[in-house]
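Below is one structure; the comments refer to it alone.
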Amino acid sequence: MYKTDRKLLVDELKTKGIIDINVLKAIGEVKREKFIPEAIKHYAYKDVALPIGFGQTISQPYTVAFMTELLSLKEKSKVLEIGTGSGYQAALLFDMGMEVYSIERNFDIFSETLKLFDQLRIRVKCKCGDGTLGWKDKAPFDGIIVTAGSPSIPNELKNQLSINGKLVIPVGDKDTQILKVITKEEDDLFLEENYPQFKFVPLIGRDGWKEA
Ligand code: SAM
């Protein structure tokens, strides 16, 4: 089921500029409908963000693909995701053969997604907590991907990158953000690239937005 829709989504993402064949292959393999509430599954292969409950969303496939492409990671890379949400982004990284760590702050979302990972045999190491602090015990990471919008770049996340590692993070106000790619060239030397214009739910935590 949905195989044709997945293929059509891959074609659509190609026309929108996604070129990384490993990313496109994963989009063609991971069943997005599994990460979406039953009542709206028929929207699974539309290129749109969808509600997953608790005021949160599963990101738009184009955004997920673009951020994954920006990470520039290969099989066996060690990657940290901040904002597990539905689990779709983590499932793609896992499908691409990476060692995946993921942090979610909302306990209800965390518990649901943990169950789903178990059912689907998706082996992602998960933790419930404030992702703006990173996951120090497991650092360094070849890539860190933040799937919620932050007012600034949390220093801890930069610190937890390996040399040549990349942090992909939306930074801006609560309405729109610029996707920033921070590459750690040396211990205190970071290169920054910017890609406007995105819209994410807020990253809430010590080094993100304060809870409303
Ligand atoms: N990656 C997700 C997916 O594939 O469905 C999309 C995540 S949703 C756009 C953003 C998630 O970030 C929400 O589930 C939210 O609870 C979580 N979040 C917000 N602030 C966080 C923080 N400081 N640490 C960890 N998770 C956070």
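The values are calculated or read from the model by the stated rules, or taken from the named source; none is laboratory data. Values in this document were obtained by computation on a predicted structure and should not be read as measured data. Here Cβ is always computed from backbone atoms with ideal geometry, including for glycine, and neighbour counts include all displayed protein chains. When the accessible area is computed, the model is the full protein with side chains, heavy atoms only, and any ligands, DNA or RNA have been set aside. Shrake-Rupley method; radii C 1.70, N 1.55, O 1.52, S 1.80 Å.
Annotations
- Selection of the stretch 22-45 for residues being within 18 Å of the chain's Cα centre (by Cα) and either exposed (fewer than 13 other Cβ atoms within 10 Å of the Cβ) or closer than 14 Å to Thr63 by Cβ (or both) yields Val23, Ile27, Arg32.
- Exclusive hit being touching a residue at least 24 places away in the same chain (Cβ under 8 Å), closer than 21 Å to Asn106 by Cα and part of a strand (DSSP E or B), set Lys166, Lys127: Lys127
- Subset tally (residues that are within 12 Å of the ligand (Cβ to nearest atom), in a strand (DSSP E or B) and more than 16 Å from the chain's Cα centre (by Cα)) for the stretch 180-212: 1
- Taking every residue in the stretch 78-107 that is in contact (Cβ under 8 Å) with a residue 40 or more places away in the chain and among the charged types (D, E, K, R) and pairing it with any residue that is within 12 Å of the ligand (Cβ to nearest atom) and in a strand (DSSP E or B), at least 6 positions away or on another chain, the pairs with Cβ-Cβ distances below 6 Å are Glu81/Ser102; Glu81/Ile145.
- Subset of the stretch 93-115 (residues that are of a type in the set (A, V, I, L, M) and within 8 Å of the ligand (Cβ to nearest atom)): Ile103, Ile109
- Beta carbons closer than 8 Å, at least 6 apart along the sequence or on distinct chains, pair a first residue in the stretch 176-201 that is within 16 Å of Ser59 (Cβ to Cβ) with a second that is of a type in the set (D, E, K, R) and crowded, with 18+ Cβ neighbours inside 10 Å for Tyr195/Lys180.
- Residue under evaluation Ser59, criteria (1) free of Cβ contacts under 8 Å to residues at least 24 places away in the same chain; (2) closer than 29 Å to Gly205 by Cβ, criterion not met: (1)
- Screening the candidates Ser59, Ser77 for the property of being touching a Phe, Trp or Tyr at 6+ places or on another chain (Cβ under 8 Å), open to solvent by 10 Å² or more (accessible area, probe 1.4 Å) and within 26 Å of Lys166 (Cα to Cα) yields one hit, Ser59.
- Taking the stretch 130-148 as the range and being assigned to a loop (DSSP other than H, G, I, E, B), surrounded by 20 or more Cβ atoms within 10 Å (Cβ to Cβ), more than 8 Å from the ligand (Cβ to nearest atom) and not hydrophobic (A, V, I, L, M, F, W, C) as the test, only Gly134 passes.
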